[in-house]
Structure formats: C-alpha cells, structure tokens
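Some notes on the structure that comes next.
The values are calculated or read from the model by the stated rules, or taken from the named source; none is laboratory data. Since the structure is predicted, the reported quantities are computational estimates derived from the model, not experimental observations. Heads up, the Cβs are rebuilt from the backbone with ideal geometry, glycines too, and the neighbour counts pull from every protein chain shown.
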Amino acid sequence: MKASHCKYTLNFKRPGGTSRGILHTKDTYFLRLEQDNSFGLGECGLFRGLSADDRPDYELKLQEVCSRLEQGESPDVLLEELADPLSPWPSICFGLEQALRSLESRDPMILFDSEFTSGNPIPINGLVWMGSSDFMLEQIGTLLDQGYRCLKLKIGALEFDTELNLLQGIRKQFSPEDLEIRVDANGAFSPEEAIEKLKQLSAFELHSIEQPIAAGQVEAMAGLCEQAPFPIALDEELIGIQDPSKRSKLLATIRPQYIILKPSLVGGYKCASHWISESRKLGIDWWVTSALESNIGLNAIAQWTATLGNPMPQGLGTGSLFTNNFTSPLLAGSGELRYRPEVAWDMEKIKTLCT
C-alpha cells in the first residue's frame, strides 16, 4: 500500500462569525491510499482551537501513519491507537476510516451505498452565522426564500438584547409550526447568567440551544439541563472524550435532551456510533453536524448519516461556504441535502490530491 497526506486551505466566501471569532480560512488535511490500481481518499478535518488533536506535531503524526501503512502495519491497529483515550487523534482516525472505505469501494466517492446516494435527500437545517443584525437578517431571509423550515442561529457575539430582538422579529413572521429555530451559543454564557438567559430565550419557543456554557463544567451543565425551560444539546462537551466508559458517565451525569455529533471532532464513525448507542440507552436524541470540512469530508459524513435513519434535520448544509471547494453531486437547498448521481465529482482535481 502507498499512503500520502497533504494540507488544503479552504477559503470562506464570506467570513463566518462565531463566539470564538471570525473565520476567513479553514485548514484541512487529506489522507490518500493507493493499492492494486485503486485509490481511496479521506479528509482529516482538523479544527484549529477546537479539535482534541490540534497539536504542533499534527503533520508529523500524519506522516507516521502513512509510513506505518506503507510498511504493512494493520489499519485496525492504527485505528485503535488513534482512538487511544490517553493520546487521541480523532480527526486523523476519521480520515483513515474514510480512506479505507473509499479504497475498498467500487467508487472511491461512494463510502455508503444507500437511498441517499441514489438521490433520496436528507433533511437539514439552514445555518445563520453571527454578525450584525442586518447581516443575520439577510441570511435568514435568503434561507427562508430557499425553502428552509429549520434554522440554526449562532448567538453569543452580539448584545443579548439585540439577539432577543432578532428572534422576536422572526417569531412575529413565523410560528413554531412553520419554522423550527435552533440556537448555538458555543459556550458563550457564564454558568451564573445562563439560566436567566435561557428563560428569556424560551419566550420564542426554540427547539433547542447548543452548548450554552463552556465545556468541562459538568455539574453546572447538569443543573442547567435539569432546570432549563427548553432542551439543551451538548456539542463541544463531547470533544476529547475518547474513553467509552467516560462517555457513558458524562451522559448519565448531565442528562441532556440532545447530543450533536461531529465525526471529525469525536473520532469518526466508530466513536460517533458509540455515542449514539449510549444516548439511546438514556432516551437522549441526537443529530449529526459537519465541522466545516470540504465536500469530500461532508460527503463521507452525509452518506454515513443517511444510513442511520434519523428523521430530524441534520447540520450538513456547509458545502457552499467556500470559494475553492470541490465540485460534487452534493446540493443543499429547500431544507434538504441531496446527492445527485447524474452530477460528476471533479475527479481530475481530486485525483491530484496528495500526489
């Protein structure tokens, strides 16, 4: 087997605002495998400042993985090491899972053959980035015109009263039956102020709020989930929890209403599937979200998500954010992500990656 890796910088069409700052670019990495005249490709979706494996030796680890594969190391052994709770490399683990499935597939871009890859769409939410109220209203109007009936709004960067006014304006036009609203605070609230802010937000009959307080405050989050007037979803709280027993304990302690799974950040298909099985035991629902991968990583996440049969809107509408993404059959619109079998991937460009 021949293995190689490379870095690729995605450029945002418009800066993406979060409570952590403004994103203009997003570095990602690809892992390429070649064997018997076939090739496989996986995306290691490192997220700077958020991924558990955002480390100075990231590219050295990718090179080590490639070298060991070329020396005949078992991929299963490598995957187990990459998921080691004491030294996890979740995005590389996920990239290797993808690359192996891609290599073994009849078509390197079909990792999970399903009704989705035959054209049956997945429901998704529209994403509204932080910014000025005018900018956010512009995004909301565009998404509603495109047919979205579930929106996710990033909050926590503007004055809280401004965000409340924004939500009030939306609710004056669209009832909860007509429009589902999710908000994502990215841990922007302090534990002391969170419950009061949740009470004010509850006036707008929101579906849920993601990560109202920063991750790692388990007891405070558990208290919020018990007292909150509407559902809480864990997101960043799941990152870096690679020990299966600790996943179970975290969910049993906090008892959130939802968890949100980003395969690039939680360690890939196997780890995400364990989170799902543990959440089901406790009656906790879930959905899957991309983490600003290119269309290659988004495709791998969407195809897997389609096999899970979750009817909730998923967070998979990020493919159109970048100026230099890869042409693909994926199309987001009308509240759905569709894989169009009649549209070809830009295989000429893809085949040159990491060569």
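Brief remarks on what is shown
- Residue match in the range 324-347 (condition: assigned to a helix (DSSP H, G or I) and either farther than 20 Å from residue 262 by Cα or within 16 Å of the chain's Cα centre (by Cα) (or both)): yes
- Counting only strands (runs of 3 or more DSSP E) that fall entirely inside the range 1-112 and contain at least 3 residues that are closer than 30 Å to residue 189 by Cα, the qualifying elements are 2-18, 21-35.
- Selection of the range 153-187 for residues being under 21 Å from the mean Cα position of the chain (by Cα) and either part of a loop (DSSP other than H, G, I, E, B) or more than 25 Å from residue 287 (Cβ to Cβ) (or both) yields 155, 156, 157, 185, 186, 187.
- Test: residue 320 is in contact with a Lys or Arg (Cβ under 9 Å, 6 or more places away or on another chain), hydroxyl-bearing (Ser, Thr, Tyr) and buried (at least 24 other Cβ atoms within 10 Å of the Cβ): no
- Candidate set from the range 72-99 (those that are polar (S, T, N, Q) and within 16 Å of the chain's Cα centre (by Cα)); member that is nearest to residue 267 (Cα to Cα): 91
- Any chance residue 319 is under 13 Å from the mean Cα position of the chain (by Cα) and among the small types (Gly, Ala, Ser): yes
- Residue in the range 69-89 that is surrounded by 20 or more Cβ atoms within 10 Å (Cβ to Cβ) and either in contact with an Asp or Glu (Cβ under 6 Å, 6 or more places away or on another chain) or among the polar types (S, T, N, Q) (or both) present: yes
- For the condition within 24 Å of residue 124 (Cβ to Cβ), surrounded by fewer than 18 Cβ atoms within 10 Å (Cβ to Cβ) and in contact (Cβ under 8 Å) with a residue 60 or more places away in the chain, residue 171 does not qualify.
- Number of the condition not met by residue 132 [criteria: (1) outside the structural domain of residue 54 (by TED's automatic domain parsing); (2) at pLDDT 90 or above; (3) more than 17 Å from residue 320 (Cα to Cα)]: (2)
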